[in-house]
Number of protein chains: 2
Amino acid sequence: MADLARLSINQATTREQHSLAQAIAAYAGAGVTGISIWRDKLADCGLGEAAAMLKDHGLRVSGLCRAGQFPASDAAERQARLDDNRLAVDQAVALGAECLIVVAGGLPEGSRDLPGARAMIRDGLGAVMDHARAAQMPVAIEPLHPMYAADRCAINTMSQALDLCDELGPGLGVAVDVYHVWWDPDLQAQIERAGDRVLAYHVCDWLVPTTDLLLDRGMMGDGVIDIPQISEWVDGTGYNGLIEVEIFSAENWWKRPADEVIRTCRERMLSSV
Amino acid sequence: MADLARLSINQATTREQHSLAQAIAAYAGAGVTGISIWRDKLADCGLGEAAAMLKDHGLRVSGLCRAGQFPASDAAERQARLDDNRLAVDQAVALGAECLIVVAGGLPEGSRDLPGARAMIRDGLGAVMDHARAAQMPVAIEPLHPMYAADRCAINTMSQALDLCDELGPGLGVAVDVYHVWWDPDLQAQIERAGDRVLAYHVCDWLVPTTDLLLDRGMMGDGVIDIPQISEWVDGTGYNGLIEVEIFSAENWWKRPADEVIRTCRERMLSSV
């Protein structure tokens, strides 16, 4: 049974209901310990205002979403993305985020060269790590489910993410999101391999049936993932940080009152994580 | 460039347009070399009638779809599935199929025990292999994309499928379907590992965006999979059997005239496989 004091809510979970300012106030008001912040919402709020509100409400920031998106068709665009990644590092520092989440990016427009995209990811990540290390901001590679390999993220297993950590050195780690990795027959071994490089732990559930590739995630307990088993493996690495609920749910949770969503996250944290 | 003489069409590609008898006549009439047959369509046609028509039209059968579905909640249901698998072996023999395709099955109703489901798959497959070997019917495990792990197939990588082949011995091999495995960073190595255990090779394409988890597969060339690269790896094992087009496409190809679908399969076999 997970400790309620470790609950963080990714603001995407109430993205249709809340601005960032509203999410900060609502989560803190409900006794939630942490929040994970999206950069589009941050831009609407303003970095200074967000940092001040977080401090006032005593909310921890389990992660900033998101940097990455390294592959692109031409050098100018790849450079623009490196610049944006460095900006994301600075924003994460300003917010006191516990890590910066990297979603690596998929195939460049018109490309079928998956190994090439993966090489661009390695090179791009390598190029921003000096800045991240200097800023002492941990960078968490989040492997995304293989169904996103083309258009969102060509890093699709824990094994791939950890190979990048091995190659690119300190300051890098992984975000373990049960939605993306639950199916992997090698999951337990790779979580053990990660050890103290687990920088974030995200929970939600896989619904049967799943009606949309992106926006039909379930609340913990409503699907088929054995979340307590994965939590045990993650805790076994020594990870004792925040446990972040991240649910994209266009037809269900995004349509419910925010207070119901937050209350359910708290309940399910106790019953199903 | 693939050899047109190696073209087989999985009848699911025209499942909304054709009965089995119609598919056999249409494919053979268009000069297609092979067909892959689904058991629901076979039941409508009748086994004897289908076998006679295949012989009359000189069509090869690249595979029978499908056996498998081993995991179930209780012993009686698991036994019923073993019986059905043995029946499928006999049907494949009667049709002269070059292999029997196994889609292993997902989680039993209400279960979250993925390792348990995988153990049921191993045990079930082991229990039917004596019969398959006696009948000299090659059995091809088809790893399905991880997005089907819950409800269709808990064997989700070539590596898992080949581990089963290693464990369960001769007569077993794999069906390589680009749709399911294209994202796998270990794909080239696992195809090499498969060697002469590649029993079938299936092609279609991954569309961006993909609008449905099951029924939005693309025609070769319309998506992002580097199919010629995978074909080269498969051919590199010595595989020189049929290349089977299998497209589930509720909103596109299933709505087009069958002759257009077959003509496009032939064209794309030359340009994009």
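Taken together, the values in this text are just the output of simple stated rules run on the coordinates, not laboratory data. All values reported here derive from a predicted model rather than from experimental measurement. No Cβ is skipped: glycine too gets one built from the backbone with ideal geometry, and neighbour counts run over all protein chains shown.
Overview of results
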| quantity | calculated |
| --- | --- |
| All positions within region B:25-45 that are in a helix (DSSP H, G or I), within 22 Å of B:ARG266 (Cβ to Cβ) and touching a residue at least 40 places away in the same chain (Cβ under 8 Å) | B:ALA26, B:TYR27 |
| Test result for B:ALA117, within 14 Å of chain A (Cβ to nearest Cβ), crowded, with 18+ Cβ neighbours inside 10 Å and under 18 Å from the mean Cα position of the chain (by Cα) | no |
| Candidate set from region A:139-149 (those that are facing another protein chain (nearest Cβ under 8 Å) and free of Cβ contacts under 8 Å to residues at least 40 places away in the same chain); member that is surrounded by the fewest Cβ atoms within 10 Å (Cβ to Cβ) | A:HIS145 |
| Tabulated pairs, region A:261-273, first within 12 Å of A:GLY31 (Cα to Cα), second loosely packed, with under 14 Cβ neighbours inside 10 Å, C-beta under 8 angstrom, 6+ apart or interchain | A:ARG266/A:GLY31 |
| Qualifying residue in region A:67-85 (condition: loosely packed, with under 14 Cβ neighbours inside 10 Å, touching an Asp or Glu at 6+ places or on another chain (Cβ under 9 Å) and in contact (Cβ under 8 Å) with a residue 12 or more places away in the chain) | yes |
| Residues satisfying the stated conditions in region B:170-219, i.e. acidic (Asp, Glu), in a helix (DSSP H, G or I) and in contact with a helix residue (DSSP H, G or I) (Cβ under 9 Å, 6 or more places away or on another chain) | B:GLU192 |
| Selection count where residues are farther than 18 Å from B:GLY116 by Cβ, among the polar types (S, T, N, Q) and surrounded by 24 or more Cβ atoms within 10 Å (Cβ to Cβ), scope region B:150-172 | 1 |
| Per-region count, region B:150-170, residues small (Gly, Ala, Ser), more than 16 Å from the chain's Cα centre (by Cα) and within 12 Å of another protein chain (Cβ to nearest Cβ) | 2 |
| Scope region A:240-270; condition of a type in the set (D, E, K, R) and either in a loop (DSSP other than H, G, I, E, B) or surrounded by fewer than 18 Cβ atoms within 10 Å (Cβ to Cβ) (or both); matching residues | A:GLU246, A:GLU251, A:LYS255, A:ARG256, A:ASP259, A:GLU260, A:ARG263, A:ARG266, A:GLU267 |
| In region B:86-138, the residues that are in contact (Cβ under 8 Å) with a residue 24 or more places away in the chain and among the basic types (Lys, Arg) | B:ARG86, B:ARG118, B:ARG122, B:ARG133 |
| Residue match in region A:246-265 (condition: more than 23 Å from A:TYR148 (Cβ to Cβ), basic (Lys, Arg) and under 20 Å from the mean Cα position of the chain (by Cα)) | no |
